[in-house]
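Only the coordinates and a few stated rules stand behind these numbers; no lab work does. Everything numeric in this text was worked out from a predicted model, so none of it was measured. Neighbour counts run over all protein chains shown; Cβ positions are idealised from the backbone, glycine included.
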Amino acid sequence: MQASPVGKSPLSENASGPEAGGAGGGWALALVGALSAVLVGLRLGAAPLLDPDEARHALAALEMFERGAWLEPTLNGEPYYHKLSLFYVLIGWCYRTLGVGETAARLVPALSAWLTVIAVHRFASTRGATAGLLAPLLLCSCGFFVLTGRFVSFDATFSLFLTTAALCGAQWFAGPPGRGGRSRLDWLCLFTGRAALIKGPAALLLVGLPMVVETLRSGRSLADLGPARSLLIVGGVISAWVVPAALMEPEYVREFIVVHNFERFLGGSSVFHPEPFWFFGPVLVLALLPWSLFVPQAIAAALRRKEDNGRCFLATYSVWVVVFFSLSSGKLATYILPAVPALAIVTADWIVNRRREERGTGAGRFEMLAALVLASTLPLSIGLLLFYAPAEITLALIVLPASSAGFAFLSLRNRFTRGSPLGVGLLSGGAALTVLLVNAFAPAAIGRFASDHDLAELSPPPAVDLRRVSYRVQPYSFLFYARGQLDIRYGLHSVDQLGDLDGSVLLTKTKRRSDLDFEAAGIEVETLGSNARHLLLRLRAAPQATPADSVR
């Protein structure tokens with residue numbers, strides 16, 4: 001394989017192999033691009049921003065946008081050193097272009113998810129038409145991937161850059177040994193540096209260690225990686241943020257790297273979301289439905305095929321992503337999102353090749369997948385329908401077992417499709433359709449239970465000079481939607497502060513209202529509104545009794 005010409009995407013080059021080039025035509029790219037755009041973008045702004053994470057990131061980006069800043073993020077006017085600012089700057093550009101709102105806030109992760117699907121299609125197409133269509137279908141059928149791409153968080157954008165870096169590495173390993181693939185390594189370094197600017201130095205380990213391991217395993221020399229040039233490119237990209245940040249606010253750099261990366265990973269008081277080592281095991285089984293049971297054998301097959309170093313690298317990379325974050329003290333399900341696109345490629349390649357080499361391989365697993373999907377969704381839908389759920393969520397969930405059962409029935413009735421790309425494609429298509437229907441019907445219902453946008457609309461008008469405070473809640477969506485009307489403060493932690501709240505609006509939970517003895521503090525309370533999660537109260541000092549009142 002020759003080096004990619006200057007200016008040409010490293011993912012657009014076809015390799016030789018079975019059916020090579022069959023899916024490389026414009027019709028396949030247009031089909032995948034259009035369907036994935038609908039899947040990721042349908043009603044993107046229909047749901048209000050959700051607490052706490054989505055609204056927090058949207059608010060931090062809004063404050064940077066309003067201040068005209070590009071380096072140091074703030075949250076409610078205070079320095080916010082937990083995250084890098086590039087992601088917030090990108091959202092700020094969307095605010096400038098589309099106006100401040102939900103669609104603008106979610107556009108960056110949504111575009112990242114869409115571009116990831118395109119990259120997966122272009123790379124998988126080098127193995128033929130079937131793999132080129134099956135790999136993005138597997139990825140789009142994964143509700144975990146699609147819904148994360150519709151959420152204001154760093155994970156989808158981080159995953160885009162790590163995935164494109166890994167695909168460049170896979171192309172380099174698929175080519176002949178030597179320095180001929182230098183341009184692919186340059187692209188890999190550029191994408192890795194950009195990933196580090198989104199979420200931090202973990203990107204260097206997530207891509208760098210699998211590159212070293214696979215280089216040694218394949219019998220190549222580490223000198224082929226051009227370590228000096230690679231480090232120079234990565235360092236140059238990262239320094240675009242580190243140098244000005246260190247000059248303008250050195251504490252930002254120190255706290256982000258030391259506290260919010262190393263200390264969070266290693267443990268200690270700064271750890272958020274502590275979980276056991278095995279946390280990502282069940283997460284992967286559920287997150288990769290409806291094709292999760294194929295993944296272990298697909299990885300094992302890729303690692304055994306020593307002649308196919310590109311797929312072996314992707315398997316090594318995806319396993320390392322899961323292991324790396326399993327070693328971290330703090331864990332969230334979305335941390336392993338960068339492994340999902342690579343796993344879709346490896347699994348699609350295994351399904352295509354094993355079906356061709358061994359008829360019927362995987363039929364048992366396919367039946368198990370269909371049973372697992374039905375067993376996990378049908379009781380949930382029935383329970384929500386009988387006991388409690390907004391109609392929109394119930395409708396969307398009822399479609400899941402119905403579509404899955406239909407596709408499973410068609411596949412199981414025809415033994416030719418059992419365990420084949422067609423059979424897996426039918427089940428994955430049903431899952432993708434369900435994700436689409438969830439995006440179409442569920443957003444408004446979800447917002448009722450995870451956002452305070454409705455309470456923000458009930459706040460007093462801008463002319464009224466009131467403070468806003470909160471008690472034992474994370475008020476980020478409230479702050480986002482009420483922004484620009486009044487001076488906003490939050491962080492009431494003690495009932496001793498009640499005497500300071502005359503002429504304030506208080507956001508709290510219904511069950512927390514009893515914690516605050518308003519009567520003893522001489523505070524009159526008016527309920528402005530409530531939703532499924534919070535109360536909005538208006539506080540005034542009770543009028544003092546006069547001597548005449550006492551006589552009466």
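Calculate, in whole percent, how much of the Cα-Cα pair population of the stretch 29-134 lies beyond 16 Å. Above the 16 Å cut-off, the stretch 29-134 has 62 percent of its Cα pairs. Summary of packing: across the peptides 446-457, 185-196, the per-residue average of other C-beta atoms within 10 Å ranks them, highest first, as 185-196, 446-457.
The distance linking the stretch 111-173 with the stretch 38-71 is 23 Å (Cα centroid to Cα centroid, whole angstrom). Between amide H atoms placed 1.01 Å from N, distances below 5 Å from Glu275 occur with Lys331, all of them 5 or more places distant or on a separate chain. Summarising the overall dimensions of the stretch 97-234 from its C-alpha atoms, the Rg and Dmax are 16.4, 53 angstrom.
In this structure, the amide hydrogen of Gly128, modeled 1.01 Å from its nitrogen in the peptide plane, lies closer than 5 angstrom to those of Gly21, Gly22, Ala23, counting only residues at least 5 positions away or on a different chain. Compute the FRET efficiency between Glu66 and Ser239 as 1/(1 + (r/R0)^6), taking r as their Cβ-Cβ distance and R0 = 30 Å, and round to the nearest 0.05. The formula returns an efficiency of 0.60 here. Summarised in one figure, the compactness ratio Rg/Rh of the stretch 64-112, Cα atoms and Kirkwood Rh, is 0.96. Taking amide hydrogens as placed 1.01 Å from N in the peptide plane, the amide H of Leu528 sits under 5 Å from those of Leu536, Leu537, Arg538, each at least 5 positions away in sequence or on another chain.
Spin-label model, Val213/Phe449: points 7 Å from Cα along the beta carbon direction are separated by 3.8 nm.
Between Ala246 and Thr527, the simple label model (points 7 Å from Cα in the Cβ direction) yields a spacing of 5.6 nm.
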